[in-house]
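K.L.:
Next up is a structure, given as structure tokens.
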Amino acid sequence: MFIRIGYDIVFESPNPVPMTLLLYTHPSIASRLRSPDHVRTEPEISVTEFIDSFGNRCGRILAPLGKLRLWSDALVETADEMDEENGNAVQHDVPDLPAEILPFLLPSRYCQVDLLSDKAWNLFQNSPMGWGRVQAICDFVHSHVQFGYALTRPEKTAVDVMNEGNGVCRDFQHLAITLCRCMNIPARYATGYLGDIRIPPPPGDMDFSAWFEAYLGGRWYAFDARFNERRYGRLLMATGRDSVDCALTTAYGPATLKSFRVVAEEVSSPDAARLPHPAFEPIP
């Protein structure tokens, strides 16, 4: 299947502002790109690319005074199948985990493992280990948390989500990640494109999405505590300990978001993706 992806984001700054960008598809899906995935800018400025400590493809810019448009329009060819499911994926004993996986068992900015461990063990100690335990955590978070764009705040943590029972997609994932780590299952935050492919489109505009990955059976598997279902066309952009490590844009100074549009849609062929898309028209 072919998926057209992209975004059109406009910032306005009162003075030049350094920014870092995680607006690229993840290096792990580079072989599936059928057109270049670049950050394009108006006005044209230099973008310096690098790979961060989590293996994400990133960019650095100096945003000029005034308006800056960041946009991309790319095509990905991916398997015509849902997220992989493996009910037999096992949970590793901690001594058997690779050293580079161990940080994803620890507390992080939004995932306070130390504060939720007792609650997690009370809830999930009798659930089947491995895939079944991660799924039980997803089922709990999905039913416990109410979604709403007005129900979050920048400082909201997994403990807050547990206590308040509401939030946006990143809050669902922070709580699920924390509960997994409490049960000694490595878990990491993930963000990327998740179009409404072969499902009824929900109300509202398209946005980037958050999910999480659990380390089972020697590899990472995608889970989604918000939707709690396997989906078509999930395309990774970045992973990290929590959303701090995966912020798609970070400004080191004042920069006001003026406009934001995202596209992730199935197209019939590469030719269909060559036509201009209305979401990528310049914004005055």
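K.L.:
Under the 0.36 nm per residue contour assumption, what length would be gained going from the current alpha-carbon distance of Glu100 and Ser28 to full extension?
P.N.:
Working it through step by step, the gained length comes to 24.2 nm.
K.L.:
Rounded to the nearest Å, what's the spacing between the alpha carbon centres of region 223-277 and region 27-79? Just the number, please.
P.N.:
12 Å
K.L.:
Accessible area of Leu75, 1.4 Å probe, to the nearest 10 Å²?
P.N.:
Its heavy atoms expose roughly 10 Å² to the probe.
K.L.:
List the equivalent ellipsoid semi-axes of region 68-124 in whole Å, largest first, each obtained as the square root of 5λ for an eigenvalue λ of the Cα gyration tensor.
P.N.:
Over the Cα atoms of region 68-124, the semi-axes work out to 33, 22, 14 Å.
K.L.:
Rounded to the nearest 10 Å², what accessible area does Glu229 have for a 1.4 Å probe in the complete protein model?
P.N.:
So the heavy atoms of Glu229 present about 90 Å² to solvent.
K.L.:
Once the piece of chain linking Arg198 and Ala79 is laid out straight, how much longer is it, given 0.36 nm per residue of separation minus the C-alpha distance between them?
P.N.:
Computed gain between Arg198 and Ala79 is 41.4 nm.
K.L.:
Using amide H atoms built in the peptide plane, which far-off residues or other-chain residues are under 5 Å from Ala238 H to H?
P.N.:
Thr191
K.L.:
Starting from the Cα of Lys156, draw a straight line to each of the aspartates and glutamates and keep only those under 17 Å, dropping any in the same chain fewer than 8 residues away.
P.N.:
Asp114, Glu164, Asp171, Asp242, Asp245
K.L.:
To continue, here is another question. Rolling a 1.4 Å sphere over the protein heavy atoms, what is the accessible area per residue of region 82-172, to the nearest Å²?
P.N.:
Using a 1.4 Å probe on heavy atoms only, each residue of region 82-172 averages 54 Å².
K.L.:
Please give the length that would be gained between Glu44 and Val90 if that part of the chain were fully extended, namely 0.36 nm times their separation in residues minus their C-alpha to C-alpha distance (nm, one decimal).
P.N.:
Going from the current span to full extension adds 11.7 nm.
K.L.:
Let me ask something else about it. Name the residues whose placed amide hydrogens come within less than 5 Å of the amide hydrogen of Val17, ignoring near sequence neighbours (fewer than 5 apart) on the same chain.
P.N.:
Ala63
K.L.:
Among Val94, Leu115, Gln125, pick out the residue whose Cα is farthest towards the positive end of the charge dipole of region 84-130, where Lys and Arg carry +1 and Asp and Glu carry -1 on C-beta, about the Cα centre.
P.N.:
Leu115
K.L.:
Tell me, what ³J(HN,Hα) does each residue in region 214-228 have, in order and in whole Hz, if you take phi through Karplus 6.51 cos²θ - 1.76 cosθ + 1.60 with θ = phi - 60° and put x for Gly and Pro?
P.N.:
10, 8, 9, x, x, 7, 8, 10, 7, 9, 9, 6, 6, 7, 6
K.L.:
Please give the solvent-accessible surface of Tyr232 in Å², to the nearest 10, using a probe radius of 1.4 Å with every protein chain present.
P.N.:
Counting only protein heavy atoms, Tyr232 exposes about 50 Å² to solvent.
K.L.:
DSSP loop (so not H, G, I, E, B), at most 13 other Cβ within 10 Å: list which GluC sites (Glu not before Pro) in region 1-69 pass both filters.
P.N.:
Taking region 1-69 and a limit of 13 other Cβ atoms within 10 Å, the loop GluC sites (Glu not before Pro) found are Glu44.
K.L.:
To continue, here is another question. Sorted by average packing, counted as other Cβ atoms within 10 angstrom per residue and highest first, what order do 13-21, 199-207 take?
P.N.:
My ranking of the peptides, most packed first, is 13-21, 199-207.
K.L.:
Sticking with this structure for a sec: On the accessible surface of region 13-52, probed at 1.4 Å, how many percent belong to carbon and sulfur atoms?
P.N.:
That fraction is 57 percent.
K.L.:
How do Trp71, Trp211 stack up against each other in accessible area, from largest to smallest, with a 1.4 angstrom probe?
P.N.:
Accessible-area ranking of Trp71, Trp211, largest first: Trp71, Trp211.
K.L.:
Pop out the ³J(HN,Hα) list for region 167-178 in order, Karplus 6.51 cos²θ - 1.76 cosθ + 1.60 with θ = phi - 60°, rounded to Hz; leave Gly and Pro as x.
P.N.:
3J(HN,Hα) across region 167-178, in whole Hz: x, 9, 4, 5, 5, 4, 5, 4, 5, 5, 4, 4.
The values are calculated or read from the model by the stated rules, or taken from the named source; none is laboratory data. Predicted model, so just to flag it, every value in this text is computed and none were measured. Cβ sites come from the backbone with ideal geometry, for glycine too, and all protein chains shown count toward neighbours. Remember, those area values only see protein heavy atoms, side chains included, never the ligands or the DNA or RNA. Shrake-Rupley method; radii C 1.70, N 1.55, O 1.52, S 1.80 Å.
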